[in-house]
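Trainee: Can you read through this structure? Questions will come right after.
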Amino acid sequence: MPALTEWRVPPANQPRASDYGFDLDRSLASVVGLHAIIPPDAFSAETLGTERAGNGVVIDNGLVLTIGYLITEAESVWLHLADGRVVEGHALGFDSVTGFGLVQALGQLDVEPLPLGNSAKTRVGDRVVVGGAGGRTRSVASQIVAKQEFAGYWEYLLDEAVFTYPAHPNWGGTALLNERGELIGIGSLQLEREREREGKAEHVNMIVPIDLLKPVLDDLRKFGRVNKPSRPWLGLYSTEIDNRLVVIGISTNGPAARAELKTGDVILAVDGEEVTSQTAFYKKMWALGAAGVDVPLTVHHEGVTFDVTVTSTDRFKLLKAPKLH
């Protein structure tokens with residue numbers, strides 16, 4: 001098993017133990033490295049690749065919380081511990097609504113779980129640590145710079161995500177720790193935003209708040225997914241350009257592909273209701289019913305406006321089930 005890439009956070013951005021009222025090193029020891037192998041014919045291999053690496057956080061005995069895209073359709077998962085040991089894991093569950101993923105260690109971790117905090121109580125300006133596997137040299141002393149809605153191009157929406165700066169360079173599955181050393185979120189993305197007043201771009205991390213885990217954790221442990229009807233999914237990647245919702249990609253073999261939607265299409269309306277943003281598009285589509293519902297769209301393409309009905313699906317049906325060990 002190859003070691004994960006050697007790198008360090010610049011010393012100026014590393015957290016110092018003396019700055020925090022909890023045992024920083026002990027808390028960061030709960031963050032593990034994660035390495036996943038995905039079959040080449042997996043549905044997500046085309047967009048996410050067949051080898052994925054990031055971080056995970058021990059939250060219970062042998063239970064590791066990470067960001068779901070690292071382990072979606074994984075046939076093997078390896079957990080890299082601070083003492084150099086590598087323990088095999090099993091991709092236990094994934095929730096496409098929140099983005100969380102769970103891994104069950106198949107060997108003894110001997111790592112103390114991190115307590116879950118309350119992400120709703122956090123405030124912009126709070127000092128936080130974005131913790132990566134490998135301790136302080138792989139972690140970032142950061143602060144919360146925004147708490148706001150986040151819409152992803154892949155049919156994903158959080159009512160309130162947490163954004164931190166400076167950004168962690170290996171953000172996937174990182175642990176967001178508050179000033180009590182509690183886990184208040186899991187790293188998902190790195191984004192660019194304009195710095196206020198200066199007009200310069202800076203990188204921030206988008207963090208999925210830990211409060212979203214609490215209602216779904218039991219289901220993920222028992223069933224591998226949330227035990228309720230799935231949202232409709234079209235397999236359509238979009239972005240907002242000049243108050244217009246533009247299709248920038250189509251998922252192979254997804255409903256949008258079968259309906260012959262194309263890159264460059266502009267989505268004007270869902271079920272006759274105008275949409276000009278990803279948020280409006282998702283909310284109107286999801287309000288139509290569960291996965292399998294017909295989604296009537298009004299589309300504009302190269303000067304022509306037309307109506308098309310796309311039969312949605314449950315994206316889980318397209319994913320390979322993790323192998324049981």
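The values are calculated or read from the model by the stated rules, or taken from the named source; none is laboratory data. Note that this is a predicted model, so its numbers are computed, not measured. Quick reminder, even Gly has a Cβ in these numbers, built from the backbone with ideal geometry, and neighbours come from all protein chains shown. The accessibility values were calculated without ligands, DNA or RNA, using every heavy atom of the protein model including side chains. Shrake-Rupley method; radii C 1.70, N 1.55, O 1.52, S 1.80 Å.
Trainee: Kindly sort ILE59, ILE144 by accessible area of their heavy atoms, largest first, with the probe set to 1.4 Å. Provide the component values of the computation, followed by the final result.
Mentor: Details: ILE59 25, ILE144 0 Å².
Of ILE59, ILE144, the descending order of accessible area is ILE59, ILE144.
Trainee: Under a point spin-label approximation (7 Å from Cα along Cα-to-Cβ), what is the ASP41-ALA321 distance to one decimal in nm?
Mentor: Placing both labels 7 Å along Cα→Cβ, they lie 1.7 nm apart.
Trainee: Here is a follow-up. Take the Cα radius of gyration of the range 110-173 and divide it by 2.2 N^0.38 Å, with N its residue count; two decimals is plenty.
Mentor: That ratio works out to 1.25.
Trainee: Okay, helix-only estimate at 222 nm for the chain: each DSSP H run of n ≥ 4 adds -39500 (n - 2.57), divide by all residues, round to 500 deg cm²/dmol; what do you get?
Mentor: Working: 5 runs with 29 residues, N = 325.
It comes out at -2000 deg cm²/dmol, rounded to the nearest 500.
Trainee: Placing +1 at every Lys and Arg Cβ and -1 at every Asp and Glu Cβ, with all other atoms neutral, what dipole size does the chain have around its Cα centre, in debye to the nearest 20?
Mentor: 560 debye
Trainee: Based on the Cβ-Cβ distance of ASN13 and THR279, what FRET efficiency does E = 1/(1 + (r/R0)^6) give at R0 = 22 Å, to the nearest 0.05?
Mentor: 0.10
Trainee: Now for a separate question. How much accessible area per residue does the range 163-284 have, in Å², with a 1.4 Å probe?
Mentor: That works out to 48 Å² per residue.
Trainee: Heavy atoms only, probe 1.4 Å: what % of the accessible area of the range 163-235 goes to carbon and sulfur, would you let me know?
Mentor: Numbers: 1600 of 3470 Å².
That share works out to 46 percent.
Trainee: Set Lys and Arg Cβ to +1 and Asp and Glu Cβ to -1, take the dipole of the chain about its Cα centre, and tell me which of LEU65, TRP171, SER188 lies farthest positive.
Mentor: Selected residue: LEU65.
Trainee: So, one more: Set the Förster radius R0 to 41 Å, insert the Cβ-Cβ distance between ASP23 and HIS300 as r into 1/(1 + (r/R0)^6), and round the FRET efficiency to 0.05. Provide the component values of the computation, followed by the final result.
Mentor: Numbers: r = 58 Å, r/R0 = 1.40.
The calculated FRET efficiency here is 0.10.
Trainee: Give the residue from THR263, PRO215, ASN205 lying farthest towards the positive end of the charge dipole for the range 194-304; charges sit on Cβ (+1 for Lys and Arg, -1 for Asp and Glu) and the dipole is referred to the Cα centre.
Mentor: About the Cα centre, the residue reaching furthest to the positive side is PRO215.
Trainee: Another question, then. Counting other C-beta atoms within 10 Å, and keeping those with at most 10, which DSSP coil GluC sites (Glu not before Pro) do you find in the range 1-75? Mind dumping the intermediate values first?
Mentor: Numbers: sites: GLU6, GLU46, GLU51, GLU73, GLU75; in loops: GLU6, GLU73, GLU75.
Filter output for the range 1-75: GLU6.
Trainee: Mind ranking ILE241, ILE186 by accessible surface for me, highest first, 1.4 Å probe? Write out the running numbers ahead of the final one.
Mentor: Numbers: ILE241 80, ILE186 0 Å².
Of ILE241, ILE186, the descending order of accessible area is ILE241, ILE186.
Trainee: Rg/Rh for the range 166-270 to two decimals, with Rh computed the Kirkwood way over all alpha-carbon pairs.
Mentor: Numbers: Rg = 18.5 Å, Rh = 17.4 Å.
Taking Rg over the Kirkwood Rh, I get 1.06.
Trainee: Roll a 1.4 Å probe over the protein chains and send me the accessible area per residue for the range 89-138 in Å². Let's see the in-between values first.
Mentor: On the way: 1950 Å² over 50 residues.
Result: 39 Å² per residue.
Trainee: Ok, one more. Each label point is 7 Å from the Cα along the Cα-to-Cβ direction; what then is the distance between the points at ALA201 and ALA287, in nm?
Mentor: Here the answer is 3.5 nm between the modelled labels.
Trainee: Using a probe of 1.4 angstrom, how much of the accessible area of the range 20-139 is carbon and sulfur, in percent?
Mentor: Values: 2180 of 4430 Å².
Carbon-and-sulfur percentage of accessible area, whole number: 49.
Trainee: To the nearest 10 square angstrom, what accessible area does ASP60 show with a 1.4 Å probe?
Mentor: Here the residue's solvent-accessible area equals roughly 60 Å².
Trainee: Turning to a different aspect of this structure: As an exercise, use a Förster radius of 25 Å and the Cβ-Cβ distance of ASP307 and LYS228 to find the FRET efficiency, rounded to the nearest 0.05.
Mentor: Values: r = 30 Å, r/R0 = 1.22.
Computed FRET efficiency for ASP307 and LYS228: 0.25.
Trainee: Continuing with the same structure: Where the convex hull is taken over the Cα atoms of the range 218-325, what is its projected area averaged over directions, in nm²?
Mentor: Working: hull surface 30.8 nm².
Result: a mean projected hull area of 7.7 nm².
Trainee: How about LYS317: which lysines have a C-alpha closer than 27 Å to its C-alpha, ignoring those fewer than 8 places off in the same chain?
Mentor: Qualifying lysines at Cα under 27 Å: LYS214, LYS222, LYS228, LYS262, LYS283, LYS284.
Trainee: Hey, if we sort THR309, THR137, THR122 by accessible area with the 1.4 Å probe, largest down, what's the order? If you can, show how the numbers build up before the last one.
Mentor: Numbers: THR309 80, THR137 35, THR122 10 Å².
Result, largest first: THR309, THR137, THR122.
Trainee: Ok, one more. Which percent of Cα-Cα pairs in the chain sits in each 20 Å bin, short to long?
Mentor: 31, 56, 13, 0
Trainee: Using a 1.4 Å probe and ignoring any ligands, DNA or RNA, find the accessible area of ARG221 and quote it in Å² to the nearest 10.
Mentor: Only protein atoms counted, so the area is about 90 Å².
Trainee: Place a +1 charge on the Cβ of each Lys and Arg in the range 1-123 and a -1 charge on the Cβ of each Asp and Glu, then give the dipole magnitude about the Cα centre in debye, rounded to the nearest 20.
Mentor: Details: 7 positive and 15 negative charges, 105 e Å.
Once rounded to the nearest 20, the dipole reads 500 debye.
Trainee: Here is a follow-up. The range 1-116: Rg/Rh from Cα coordinates, Kirkwood Rh? Could the numbers behind the result be given before it?
Mentor: Values: Rg = 14.9 Å, Rh = 15.0 Å.
In the range 1-116, Rg relative to Rh is 0.99.
Trainee: Which listed residue (TRP154, HIS90, GLY292) has the Cα farthest towards the positive end of the charge dipole for the chain, taking +1 on Lys and Arg C-beta and -1 on Asp and Glu C-beta about the Cα centre?
Mentor: HIS90
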